[in-house]
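Have a look at the structure below before the remarks.
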Amino acid sequence: MTDRIPQLKEAVATMHHCRGVHVGSEPVIELFEGEIAWDGIVEIFDLTDHPKANRCYAWSYLENYEPQYATVLEIPTVDSAGTAVKVAIASTARKA
């Protein structure tokens, strides 16, 4: 049994100060200039008590051998797991 979904649920609660209920998983492959920029499973959580969003997309990845968590709220223009990954990649690129 994996702790992945409970860890992501905790990340959603910590980052967005609300409760999430896991409702599904979606594989996403994001390409950039013909190369795979990200390939993984995005977990989908319905939110309660969040003032702006009803849903959140979350996934984990390794950075310097340490697990990191990405969470993206479903607010315009994010409407799917795929767009959540695109937004997260773009945000990371802007910070670099």
Under 5 Å between amide hydrogens, which residues at least 5 positions from Arg19 or on another chain qualify, with H placed 1.01 Å from N in the peptide plane?
Thr48
Taking only Cα atoms, what is the 0 to 90° angle, nearest 10, from helix 81-95's long axis to the longest principal axis of the chain?
70
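For region 58-96, which chymotrypsin sites (Phe, Trp or Tyr not before Pro) pass both filters: DSSP loop (anything but H, G, I, E, B) and at most 12 other C-beta atoms within 10 Å?
Details: sites: Trp59, Tyr61, Tyr65, Tyr69; in loops: Tyr65.
When the chymotrypsin sites (Phe, Trp or Tyr not before Pro) of region 58-96 are filtered for loop state and at most 12 Cβ neighbours within 10 Å, Tyr65 remain.
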Using the alpha-carbon atoms, what tilt in degrees (0 to 90, nearest 10) does helix 4-16 show relative to the longest principal axis of the chain?
80
Accessible-area composition of region 12-96, carbon plus sulfur, in percent [1.4 Å probe]
54
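Which of the trypsin sites (Lys or Arg not before Pro) found in the chain are loop residues per DSSP with 16 or fewer other Cβ atoms within 10 Å of their Cβ? Kindly include the intermediate steps, with their values, before the conclusion.
Details: sites: Arg4, Lys9, Arg19, Lys52, Arg55, Lys86, Arg94, Lys95; in loops: Lys52.
Those satisfying the criteria are Lys52.
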Hey, got the dipole for the chain? About the Cα centre, +1 on K and R Cβ, -1 on D and E Cβ, debye to the nearest 20?
340
Which value, in Å² rounded to 10, gives the accessible area of Glu43 with a 1.4 Å probe and all protein chains present?
10
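Assuming R0 = 22 Å, what is the FRET efficiency of Tyr65 and Asp39, from their Cβ-Cβ distance, to the nearest 0.05?
Values: r = 19 Å, r/R0 = 0.85.
That gives a FRET efficiency of 0.70.
The values are calculated or read from the model by the stated rules, or taken from the named source; none is laboratory data. This structure is a prediction, so every number in the text was calculated from the model and none was measured. Neighbour counts are summed over all protein chains in view; Cβ atoms, including those assigned to glycine, are modelled from backbone coordinates with ideal geometry. Surface areas here come from the heavy atoms of the whole protein model, side chains and all, with no ligands, DNA or RNA. Shrake-Rupley method; radii C 1.70, N 1.55, O 1.52, S 1.80 Å.
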